[in-house]
Amino acid sequence: MNNFLPGLYIVSTPIGNLEDITLRALNVLRNSDKILCEDTRRSIKLLNHYKIKNKLISYHKFNEKKSLPFIVNSILKGEKIALISDAGTPILSDPGLFLLKECIKKKIKIYPIPGVSAATTAISVTGFEDKYFLYGFLSKKEKEIERTLSTLKDYNFSIVFFIPAIKINFYISKIKKFFFDREILIAKEMTKLHEEYIRNKVSLINELPSGLKGELTIVLSNKINQKNNEKKIDESVKIEIKKMLKKYTHKDVVEFISKKENLPKKMVYNFCLEQKIK
């Protein structure tokens, strides 16, 4: 590989289908001095498939702090270290953040090797708005889950969660409580032989069969707003607009009122224009 310099390489790997890996990623893995991975039993399957013999080093959430000095010193001595996760793009809801921050602190070169991500793969087939918020894994504690979802319910973006399949029905019950009026996509076995996408309104989603394995990617749509023609400007708001127009610009009134009353800007603009004509 040309210009393959010492440093930390953040390498994206397939989330299921082993063919979903870039030529550059394979080149980096072949030329790395060490490959850090979450589970050597899983990563060895990928390396064996592509006949890559590099040394795998177990690097997971239980040993990442302890392993930090050894890994950083290896890079400082001139080694090329690749970081991979069990699947997808490392550090996104996976171990590696401590190492990344330490490398930044030590001014070590960091090279992202882009590729597959469960979040972007799922988002690409939702049909939802393309602005999205990746939350990742929710807590296992009920009170913390509800506190988190209560905050997120006001986000007007698509929201991505990673959910353990075995607990999907528990999490769906919580999602229903806070996102009742949104749409949902549940992605199962993405890129694999039995991949499946379950689409529905949150309010109508049924319990999934028990015994599911692995992780599911859940995407909630942005807020489903009422159609503009179903909204009206209250008389009290009309009075407020008329008063404001005497002091503020047309544009400022539209911005303020539309945000404050959750009304379409065009509707407020048209009313302001009628007052100006009068």
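Take Glu235 and Lys265, extend 7 Å from each Cα along the Cα→Cβ direction, and tell me the distance between the two endpoints in nm.
Those two pseudo-labels are separated by 3.0 nm.
How high is the relative contact order of the chain? Use alpha-carbon pairs under 8 Å, at least six apart in sequence, and give a whole percent.
Result for the chain is 17 percent.
Say we join alpha carbon atoms closer than 10 Å with springs in a Gaussian network model of the chain; which of Leu185, Leu263, Leu83 then has the biggest fluctuation?
Of the options given, Leu263 has the highest mean-square fluctuation.
For the chain, take the convex hull of the Cα atoms, compute a quarter of its surface area, and give me that in nm², please.
Projected over every direction and averaged, the Cα hull of the chain covers 20.6 nm².
Scaled to the compact-protein estimate 2.2 N^0.38 Å, what is the alpha-carbon radius of gyration of region 1-71, rounded to two decimal places?
My calculation over the Cα atoms of region 1-71 gives 1.12.
Beyond a 20 Å Cα-Cα separation, which of these cross-linked pairs lie in this structure: Lys153/Lys213; Lys141/Lys177; Lys55/Lys80; Lys109/Lys131? Each step should come with its number before you reach the end.
Values: Lys153/Lys213 28 Å; Lys141/Lys177 16 Å; Lys55/Lys80 12 Å; Lys109/Lys131 30 Å.
Violating the 20 Å limit, Cα to Cα: Lys153/Lys213; Lys109/Lys131.
Quick one: among Gly211, Gly78, Gly136, which has the greatest mean-square fluctuation in a GNM of the chain with alpha-carbon springs under 10 angstrom?
Greatest mean-square fluctuation among the candidates belongs to Gly211.
Picking from Ser158, Ser210, Ser221, which is most flexible by a Gaussian network model of the chain using Cα springs under 10 Å?
Maximum fluctuation in the GNM of the chain, among the listed residues, is at Ser210.
Considering only DSSP states other than H, G, I, E and B, which trypsin sites (Lys or Arg not before Pro) in region 131-201 qualify as loop sites with at most 16 other Cβ atoms within 10 Å? The partial results should precede the final answer.
Details: sites: Lys131, Lys140, Lys141, Lys143, Arg147, Lys153, Lys167, Lys174, Lys176, Lys177, Arg182, Lys188, Lys192, Arg199, Lys201; in loops: Lys131, Lys140, Lys141, Lys153, Arg182, Lys192.
Answer in residue order: Lys131, Lys140, Lys141, Lys192.
Set the Förster distance to 51 Å, then compute FRET efficiency between Lys141 and Lys276 from the Cβ-Cβ distance, nearest 0.05. Before the final figure, lay out each step's value.
Values: r = 55 Å, r/R0 = 1.08.
For Lys141 and Lys276, the calculated efficiency is 0.40.
Answer rounded, prolate or oblate for region 7-116, using the Cα gyration tensor with square roots of eigenvalues a ≥ b ≥ c: rounded when a/c is under 1.5, else prolate when a/b is larger than b/c, else oblate. Provide the component values of the computation, followed by the final result.
Numbers: a/c = 1.59, a/b = 1.47, b/c = 1.09.
Because a/c hits 1.5 or more and a/b exceeds b/c, region 7-116 counts as prolate.
I need the peptides 212-218, 123-129 ranked by packing, meaning the mean over residues of other C-beta atoms within 10 angstrom, with the highest value on top.
Details: 212-218: 18.4, 123-129: 15.4.
Ranking, from highest mean packing down: 212-218, 123-129.
Can you tell me the orientation of helix 250-261 relative to the chain, as the angle in degrees between its alpha-carbon axis and the longest Cα principal axis, to the nearest 10?
With both axes taken from Cα atoms, the answer is about 70 degrees.
Read-outs: derived from the displayed coordinates by stated rules, not from any lab. These figures come from a predicted structure and were not determined experimentally. Please note: Cβ atoms are built from the backbone with ideal geometry, for glycine as well, and neighbour counts cover all protein chains shown.
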